[in-house]
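Q: A single structure is presented below for examination.
Read-outs: derived from the displayed coordinates by stated rules, not from any lab. All values derive from a computational prediction rather than experimental measurement. Because the Cβ atoms are built from the backbone with ideal geometry, glycine has one as well, and the counts that use them run over all protein chains shown.
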Amino acid sequence: GDRRSECHAAAGFQAAIGSQYYLGWGFKLSSAVNNNAIFQWKSYGSPMTQNFPLVIKMVSGQLQLHYFPPGGGDVTLWSRSISANTWYKVYLRIRVSDSTSGGSVSLWFNDAQQTLSNGSTSYTGKTFDGSSVDPKWGIYGATGTSLHDYVRHLRIGTALADVQF
């Protein structure tokens, strides 16, 4: 009955405040139905005001990048129609900060840097909450259907070239 299959964290990786990381991976969904997440930049520990600062998920046939600010709310940063059973590439640049003005996220989709909803290629916000943050890949939250998220080429680095494939 649990509608999730996720990989939590990465061996040897610990996000540090003040650092910048690039995360890259390929994915293919068996269906474009709504779900809660195919990727989370997830908070752990306490004190916590953001459960998951960044999420990539499907909403109404659109792959979307969301930012969840401290204390609530949901900002859709980017949206794109995708097809089921097609491989896609995602690269994220995350500047890690426990300040609302110190962190940021940028997105590349299929090798092209994307303009976000603020008209820029970067969005500023708090990207570290609680006592740690970790990446989570997989699928979470689709209901009423069988759904698979195939993930490959998981990479974490300090430059875009480190994660490109």
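Q: For ALA84, list long-range residues whose amide hydrogen, built 1.01 Å from N in the peptide plane, is under 5 Å from its own amide hydrogen.
A: The answer is ALA32.
Q: Rounded if a/c is under 1.5, else prolate if a/b beats b/c, else oblate: with a ≥ b ≥ c from the C-alpha gyration tensor eigenvalues square-rooted, which is the range 107-165?
A: rounded
Q: Counting each DSSP H run of 4 or more residues in the chain as -39500 (n - 2.57), what helix-only mean residue ellipticity at 222 nm follows after dividing by all residues, to the nearest 500 deg cm²/dmol?
A: -500 deg cm²/dmol
Q: Further question on the same structure: Given labels modelled 7 Å from the Cα in the Cβ direction, how far is it in nm from ASN110 to SER31?
A: Each label point is offset 7 Å from its Cα along the Cβ direction, giving 2.4 nm.
Q: If you plug each phi of the range 31-36 into the Karplus form 6.51 cos²θ - 1.76 cosθ + 1.60 with θ = phi - 60°, what whole-Hz ³J(HN,Hα) values come out, in order, with x for Gly and Pro?
A: Computed from phi, the couplings for the range 31-36 are 8, 9, 6, 4, 8, 7 Hz.
Q: Taking θ = phi - 60°, what integer Hz values does the Karplus form 6.51 cos²θ - 1.76 cosθ + 1.60 yield along the range 120-127, in sequence order, with x for Gly and Pro?
A: So the Karplus estimates, Gly and Pro as x, are 10, 8, 9, 10, 8, x, 6, 10 Hz.
Q: Using all alpha carbons of the range 1-101, what is the percent of pairwise distances in each 10 Å bin, ordered from the shortest bin to the longest?
A: Pair shares across the bins are 12, 45, 33, 9.
Q: Still on this model: Please sort by residue number the chymotrypsin sites (Phe, Trp or Tyr not before Pro) in the range 22-99 whose DSSP state is loop and whose Cβ has at most 15 other Cβ atoms within 10 Å.
A: For chymotrypsin sites (Phe, Trp or Tyr not before Pro) across the range 22-99 that sit outside H, G, I, E and B with at most 15 neighbouring Cβ atoms in 10 Å, the list reads TRP87.
Q: Shifting gears a bit: Taking the Cα centre of the chain as origin, sum charge times position over the Cβ atoms of Lys and Arg (+1) and Asp and Glu (-1), and report the length of that vector in debye to the nearest 20.
A: Roughly 240 debye for the chain.
Q: For the range 157-165, in order, what is each residue's ³J(HN,Hα) by Karplus, 6.51 cos²θ - 1.76 cosθ + 1.60 with θ = phi - 60°, in whole Hz (x at glycine and Pro)?
A: Per residue, the Karplus-derived 3J(HN,Hα) values read x, 10, 9, 4, 4, 5, 10, 6, 9 Hz.
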